[in-house]
1. What's the angle, to the nearest 10 degrees (0 to 90), between helix 121-146's Cα axis and the longest principal axis of the chain?
2. Any idea what the dipole of the chain comes to, in debye rounded to 20, about its Cα centre with Lys/Arg Cβ at +1 and Asp/Glu Cβ at -1?
3. What is the distance, in nm, between label points placed 7 Å from the Cα along the Cα-to-Cβ direction at residue 33 and at residue 78?
4. Leaving out ligands and nucleic acids, note down the accessible area per residue over the chain with a 1.4 angstrom probe, in whole Å².
5. How big is the gap, in Å, between the Cα center of region 96-167 and the Cα center of region 22-78?
6. Could I have the simple spin-label model distance between residue 102 and residue 43, label points 7 Å from Cα toward Cβ, reported in nm to one decimal?
7. Per DSSP helix of 4 or more residues, -39500 (n - 2.57); summed, then divided by the residues of the chain. What does that give at 222 nm, rounded to the nearest 500?
8. How much length is gained if the chain between residue 26 and residue 114 is pulled fully straight, taking 0.36 nm per residue apart and subtracting their Cα-Cα distance, in nm to one decimal?
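The values are calculated or read from the model by the stated rules, or taken from the named source; none is laboratory data. Owing to the predicted nature of the structure, the values given are computational and were not obtained by experimental measurement. Neighbour counts are summed over all protein chains in view; Cβ atoms, including those assigned to glycine, are modelled from backbone coordinates with ideal geometry. The accessibility values were calculated without ligands, DNA or RNA, using every heavy atom of the protein model including side chains. Shrake-Rupley method; radii C 1.70, N 1.55, O 1.52, S 1.80 Å.
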Amino acid sequence: MTSFDSVFDFEDLHPIDMVQDIAATQKWKFDRIGEDQIAMAVEGQWRTYSITLAWSDMDETLRLICTFDMQPPQHRVNELYAALNEVNDNCWAGNFTYWADQKSMVFRYGLILTGGQIATLDQIDTMISTAVISAERYYPAFQLVTWGEQSLKSAMQVAIAEAYGRA
């Protein structure tokens, strides 16, 4: 994405104000749900991702939730959970979970800012970028394991293989 720290004076900005500035700069559709929460739609290669960031004063954490629809065939749900375990072993920042009731795959990440620390625009931009990059990287593996009925090993090879060039 972009380096923002030199563009804005963010000393007194609320973290959600900074997220709103990023969303506006990137021309993403967003909805400021409240003072402490914002929802955005970020277009990826595979999907449009719903990203919500919320600030919690109580535990001084900026929480990110990135969701996308995932409706696996019932007979492949166990394979999806096995894929989630494998994927989460490969994710150093954030984790995936499946919300069966909402039929949504969820990537979650929290930036803890205790002691009055202030998030930078680059940190927030990195949170959002990490969510989208992780969703884009592992979406094909989730699809291959569920709908493609491929083995976890072959699906993960697709996810962890580095792409060279562009078709």
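1. Relative to the chain, helix 121-146 is tipped by roughly 10 degrees.
2. Details: 11 positive and 23 negative charges, 192 e Å.
Once rounded to the nearest 20, the dipole reads 920 debye.
3. Modelled inter-label distance: 3.5 nm.
4. On the way: 9460 Å² over 167 residues.
Accessible area per residue, the chain: 57 Å².
5. 12
6. Label at residue 102, label at residue 43, 2.4 nm between them.
7. Numbers: 4 runs with 61 residues, N = 167.
Here the helix-only value at 222 nm equals -12000 deg cm²/dmol.
8. Details: separation 88, 0.36 × 88 = 31.68 nm, distance 2.83 nm.
Result for the pair: 28.8 nm of gain on full extension.
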